[in-house]
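Undergrad: Dropping a structure here in structure tokens format, bear with me for questions.
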Amino acid sequence: MSDKVYRASTTAPVNIAVVKYWGKRDAKLNLPTNSSLSVTLSQADLRTLTTASCSASFPASEGDALLLNGEPSDISGARTQACLRELRSRRAALEAADPSLPKLSTYPLRLVSENNFPTAAGLASSAAGFAALVRAIANLYELPASPSELSLIARQGSGSACRSLFGGYVAWRMGDKADGTDSMADQVAEASHWPDMRALVLVVSAAKKGVSSSSGMQQTVATSGLFRERIATVVPENMAIMEKAIAEKDFEKFAEVTMRDSNSFHATCADTYPPIFYMNDVSRAAIRAVEAINEKAGRTVAAYTFDAGPNAVIYYQEKDTEAVVGTFYHVLQGADIGGWKSADIKGLKPTISLDENVAGLLKAGVSRVIMTGVGEGPVKTDEFLVAEDGTPAKR
């Protein structure tokens, strides 16, 4: 028996939706009630690195194992198991067709994963995590699958993970087949098509969210009348306008749909019975700040969006850094928060002043910022978190 350890490593990005996914039509297969569209963010700032390894020498009795940020992580859940099962069956099919291939599908997997951002930052770590997991194992198994095919697998782990298999601007098409074989992601535009898209994330000091996304969205599906209107009319219209806005690099349109869709999503949460509130006073202050910035600029230069939590993600174009980042920096600079990039904030003047109540809420409530922008999809790397002998690499 060979004790060779087979390894493959990949990084995968975070994505932030501008047309939101909220609601499942099939919880087991993770099929959505509507299509969605996101911007992939730069991995220089936010990424998951995952090494997948397997070996005949790994004890079968231990089964598959995942080490996440240095801690053992449970992978017995149905969603993770669905991903592993699908990837193994694809590898087994290759092995059946070519008997000379090593039988990797029969070996236990050792997976090691690390985020370069604090999980506590309340950012969508599951999307990057499942995208990296699926891409790394696909590379380990040398599967010929396209990113769209892999997105079908990643979707079963975490819905929004299917969008993290691409860079740039990405749509998750809801599909209409009962078995979900047409519910997958595709790239609307590469990052290089509209490279000056930037994002400023205001991380609002908040504990773990009160209502998890999975249970929250199913309560909304079951009880909200507004939600039915959202999936029937609002989202299909927003998807069409957003795809056109991205094709034409029309920031005003992009911004309006981003803000309206975020508002629509949170309205359906408030319309859920009992109501769900993900945003708080600091979140609402961020909205007022964006409105003030746009009003003073005389055009739309910033767009807010909120996922299932209080953090604000503010999209803007590089040329408007002073109006957007400059305003927030000067309000928050007295507060001891990290994340500002010194090269980007150097010399930014406070061209816009905010209402003191708004400024006060932001100063008291924002714990850190993340300055980032549109970026690329998963990248194969020679940085391994598993050593050649199959043990976690010393870092």
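The values are calculated or read from the model by the stated rules, or taken from the named source; none is laboratory data. Note that the structure is a prediction, hence the values are computed from the model and not measured. With ideal geometry, Cβ positions are generated from the backbone for all residues, glycine too; neighbour counts draw on all protein chains shown. When the accessible area is computed, the model is the full protein with side chains, heavy atoms only, and any ligands, DNA or RNA have been set aside. Shrake-Rupley method; radii C 1.70, N 1.55, O 1.52, S 1.80 Å.
Undergrad: Of all residues in segment 104-126 being modelled with pLDDT of 80 or more and assigned to a helix (DSSP H, G or I), which is surrounded by the fewest Cβ atoms within 10 Å (Cβ to Cβ)?
TA: Here the answer is T106.
Undergrad: If you don't mind, there's one more thing I want to ask. If a residue counts only when it is touching a Ser or Thr at 6+ places or on another chain (Cβ under 6 Å) and buried (at least 20 other Cβ atoms within 10 Å of the Cβ), which strands (runs of 3 or more DSSP E) contained entirely in segment 29-70 have at least 3 such residues? If you could, list the steps in order and put the result at the bottom.
TA: Numbers: elements: 36-40, 47-54, 65-68.
Correct list: 47-54.
Undergrad: What's the number of the only condition in (1) within 19 Å of the chain's Cα centre (by Cα); (2) in a helix (DSSP H, G or I) that A171 fails to meet?
TA: So A171 meets the others, but not (2).
Undergrad: Then there's this: Please determine, by comparing only the residues of segment 294-312 that are under 26 Å from the mean Cα position of the chain (by Cα) and open to solvent by 10 Å² or more (accessible area, probe 1.4 Å), which one is farthest from S262 (Cα to Cα).
TA: T300
Undergrad: Pairs only if they're at least six apart or on different chains, beta carbon under 6 angstrom, first in segment 233-255 and open to solvent by 40 Å² or more (accessible area, probe 1.4 Å), second part of a loop (DSSP other than H, G, I, E, B) and not small (G, A, S); list them, first residue then second.
TA: K249/W194; E252/T300
Undergrad: I would also like to ask the following. Spot the failing condition for D196; the list is (1) closer than 23 Å to M371 by Cα; (2) buried (at least 18 other Cβ atoms within 10 Å of the Cβ); (3) more than 19 Å from the chain's Cα centre (by Cα), and only one is missed.
TA: It fails just one condition, (2).
Undergrad: Which residues, counting only those in segment 182-193, are among the charged types (D, E, K, R) and open to solvent by 50 Å² or more (accessible area, probe 1.4 Å)? Step through it out loud before you land on a result.
TA: From segment 182-193, those among the charged types (D, E, K, R) are 182, 186, 190; that's our starting set.
Hit for segment 182-193 is E190, nothing else.
Undergrad: For T11, are the conditions met, namely being open to solvent by 10 Å² or more (accessible area, probe 1.4 Å), part of a strand (DSSP E or B), in contact with a strand residue (DSSP E or B) (Cβ under 6 Å, 6 or more places away or on another chain) and modelled with pLDDT of 95 or more? Give the derivation first.
TA: On the way: open to solvent by 10 Å² or more (accessible area, probe 1.4 Å): yes; part of a strand (DSSP E or B): yes; in contact with a strand residue (DSSP E or B) (Cβ under 6 Å, 6 or more places away or on another chain): yes; modelled with pLDDT of 95 or more: yes.
Yes.
Undergrad: Going by what's in this entry, would V282 be described as closer than 30 Å to T220 by Cα, touching a Gly at 6+ places or on another chain (Cβ under 9 Å) and not in a loop (DSSP other than H, G, I, E, B)?
TA: Yes.
Undergrad: Continuing with this model, one more query. Assess whether D320 counts as being over 20 Å from S262 (Cα atoms), of a type in the set (D, E, K, R) and either surrounded by 14 or more Cβ atoms within 10 Å (Cβ to Cβ) or not assigned by the TED database to the domain that holds L361 (or both).
TA: Answer is yes for this residue.
Undergrad: Also: I'm told D26 meets every condition in (1) within 27 Å of D307 (Cβ to Cβ); (2) touching a strand residue (DSSP E or B) at 6+ places or on another chain (Cβ under 6 Å) except one. Can you identify the failing condition by its number?
TA: (2)
Undergrad: Quick check on my filter: what residues within segment 134-169 are under 22 Å from H193 (Cα atoms), of a type outside the set (S, T, N, Q) and in contact (Cβ under 8 Å) with a residue 60 or more places away in the chain?
TA: P147, R163, L165, F166, G167, G168, Y169
Undergrad: Looking only at residues that are among the aliphatic types (A, V, I, L, M) and out of contact with any Ser or Thr (no Cβ under 6 Å at 6 or more places or on another chain) in segment 1-15, which one is nearest to V201 (Cα to Cα)?
TA: Step by step, filter segment 1-15, then rank; the result is V14.
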